[in-house]
Amino acid sequence: MHGVQITTPFTQEAVRSLKAGQMVSISGVIYTGRDAAHKRLVDTLDRGEALPFEPKETIMYYVGPCPAKPGKVIGPAGPTTSYRMDPYAPRMIAAGQTGMIGKGLRSKEVVDAMKQYGAVYFAAIGGAGALMAQSIKQAKVIAYDDLGTEAVRELVVENLPAIVVIDAEGNNLYETGKAAYKR
Amino acid sequence: MRTITFEQVASAVEGMCIKANTKIGADVLAGLQKARETEESPLCRAILDRIIENDKIAAEEAIPICQDTGMTVVFVDWGQEVYFEGGSITDAINEGVRQGYTKGYLRKSVVNDPLERVNTKDNTPAVIHYNLVPGDKVHITVAPKGFGSENMSALRMFKPADGVEAVKEFVLQQVETAGSNPCPPIIVGVGIGGTMEKAAFLAKKALLREVGKNSSNPYYADLEKELLEKVNNLGIGPQGFGGRNTALAVNIETYPTHIAGMPCAVNINCHVARHTEIEL
């Protein structure tokens, strides 16, 4: 599974070139965040303050990794279910974030924001945390260390495997894929 | 009378927490391999290859299969002729969880209170179900439960007149609504009968059954086969990308119930369906 190579920063040109159903390999710097971190990030935006990282043209990976064993960069790190980030994702997209990696369904509000601002939703393989960790070459906590596994991390990834589930036009593999195999 | 100590229980639970989270069961792996052979979607075949590869990497490197190493659910069948020495059995189990999740580099995913939400930092407390049984043996099952799939579970209190059709409709509706969220291919546990909490317990217990093994009751075995086929006909497929294999198994457990009711619970498990057991 290789597919289209994506390198960060994830520009509008790259965003618009992707179509739902494509396999991709993501390389470069990405950021992690899940429920508790997103709440803080959006609270920060609400106060008009700067985020711990510049959100423009970034990809956010919804993940709470396991602790790293000695000698490892990170523990297993597969995607968490994305809908819990739906209340926050439109704000992050409006702030310039162009990619999200997670798994599972998204709300209409998220898809609307993706179409309006230009963003792509990727699914990584849920439950394949050991495999995904092999693509993570560096990891450091850059904010909210007190949240433990939920802290915001900056990851350097190489060929992180993912699938375009919802593209910037709103095409949705979860809908078309299911319809194609329904009996 | 046999004696079992605090240390014996704690040490057994510690080992099982690590084993369950790093080594997938042979039955689940066989189910995934069968799904790989029958899957019609090329994308989903590639996904199933990756899932199987992931299970192998985890076992070889002794690292968790999935980063959500779950809330630890423990089933204890305690022989009535066994004396426990060293304090509280519950404390011994929680000590095992604490040690296992720390030494095994497992993720600590438990918060102290559902609303206050401060991480307990050692994955305790476990959810423990005790059952007193005849004899002088102790049987412990450790089943770490991830919440991507747990969140997709539900319970309904049907009328007796609703009958088996209501059960079928509920199971299918629950799987369809869950879609890609619980990391398909899933295992569907169905508990029917008893009281409200008994049905939920049965649904959880149904997830412990070996994949590929149907109910010993022929009526429920047929119902399981019918529901598995219908679930797979939904087309959700591995990871929800569209395909033939949405579930590896539908397991039903039942219990006598009241003349006025028919409780029914659906507990969904992801493809990282973890459980391991030991007899002391």
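The values are calculated or read from the model by the stated rules, or taken from the named source; none is laboratory data. Model, not experiment: these values are computed from the prediction. As a convention, Cβ positions derive from the backbone with ideal geometry for all residues, glycine included, and neighbour counts pool all protein chains shown.
Values for this structure:
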| item | result |
| --- | --- |
| Leading residue by the ranking (nearest to A:Ala68 (Cα to Cα)) among those in region B:46-60 that are over 20 Å from the mean Cα position of the chain (by Cα) and within 7 Å of chain A (Cβ to nearest Cβ) | B:Ile57 |
| Only one of A:Leu160, A:Leu147 that is at pLDDT below 95 and more than 7 Å from chain B (Cβ to nearest Cβ) | A:Leu147 |
| Of all residues making up region B:201-218, the number that are in a loop (DSSP other than H, G, I, E, B) and either of a type outside the set (Val, Ile, Thr) or under 18 Å from B:Thr257 (Cα atoms) (or both) | 10 |
| Selection status of B:Ala35, in contact with a strand residue (DSSP E or B) (Cβ under 7 Å, 6 or more places away or on another chain), small (Gly, Ala, Ser) and part of a helix (DSSP H, G or I) | yes |
| For A:Gly104: the one exception among (1) touching a strand residue (DSSP E or B) at 6+ places or on another chain (Cβ under 8 Å); (2) small (Gly, Ala, Ser); (3) within 14 Å of another protein chain (Cβ to nearest Cβ); (4) in contact (Cβ under 8 Å) with a residue 40 or more places away in the chain | (4) |
| Pairs where the first residue, in region B:108-123, is away from every other protein chain (no Cβ under 12 Å) and the second is surrounded by 14 or more Cβ atoms within 10 Å (Cβ to Cβ) and part of a loop (DSSP other than H, G, I, E, B), C-beta under 9 Å, 6+ apart | B:Asn112/B:Thr120 |
| Pick from region B:6-32, criterion in contact with a helix residue (DSSP H, G or I) (Cβ under 8 Å, 6 or more places away or on another chain) and not in a helix (DSSP H, G or I), ranking: farthest from A:Met23 (Cα to Cα) | B:Lys23 |
| Failed item in (1) more than 9 Å from chain A (Cβ to nearest Cβ); (2) outside any strand (DSSP E or B), with B:Phe84 passing the rest | (2) |
| Residues of region A:107-165 satisfying the condition of being more than 15 Å from the chain's Cα centre (by Cα) and of a type in the set (Phe, Trp, Tyr) | A:Tyr117, A:Tyr144 |
| Only one of B:Ala26, B:Ala10, B:Ala62, B:Ala30 that is buried (at least 20 other Cβ atoms within 10 Å of the Cβ) and small (Gly, Ala, Ser) | B:Ala10 |
| Every residue from region A:90-103 that is closer than 19 Å to A:Arg16 by Cα and either within 10 Å of the chain's Cα centre (by Cα) or among the hydrophobic types (A, V, I, L, M, F, W, C) (or both) | A:Met92, A:Ile93, A:Ala94, A:Ala95, A:Gln97, A:Thr98, A:Gly99, A:Met100, A:Ile101 |
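Yes/no matrix, rows are residues, columns are (1) over 29 Å from A:Ala124 (Cα atoms); (2) hydrophobic (A, V, I, L, M, F, W, C); (3) surrounded by fewer than 22 Cβ atoms within 10 Å (Cβ to Cβ):
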position: B:Ala199; (1), (2), (3): yes, yes, no
position: B:Asn214; (1), (2), (3): yes, no, yes
position: B:Glu226; (1), (2), (3): yes, no, yes
position: B:Val231; (1), (2), (3): no, yes, no
position: B:Ile236; (1), (2), (3): no, yes, no
position: B:Glu253; (1), (2), (3): yes, no, no
position: B:His258; (1), (2), (3): yes, no, yes
position: B:Ala265; (1), (2), (3): yes, yes, no
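For (1) assigned to a helix (DSSP H, G or I); (2) closer than 18 Å to B:Ile236 by Cβ; (3) among the polar types (S, T, N, Q); (4) away from chain A (no Cβ under 12 Å), each residue gets a yes or a no:
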position: B:Ala143; (1), (2), (3), (4): no, no, no, yes
position: B:Leu155; (1), (2), (3), (4): no, no, no, yes
position: B:Ala161; (1), (2), (3), (4): yes, no, no, yes
position: B:Val164; (1), (2), (3), (4): yes, no, no, yes
position: B:Glu169; (1), (2), (3), (4): yes, yes, no, yes
position: B:Glu176; (1), (2), (3), (4): yes, yes, no, no
position: B:Asn181; (1), (2), (3), (4): no, yes, yes, no
position: B:Pro184; (1), (2), (3), (4): no, yes, no, no
position: B:Val190; (1), (2), (3), (4): no, yes, no, yes
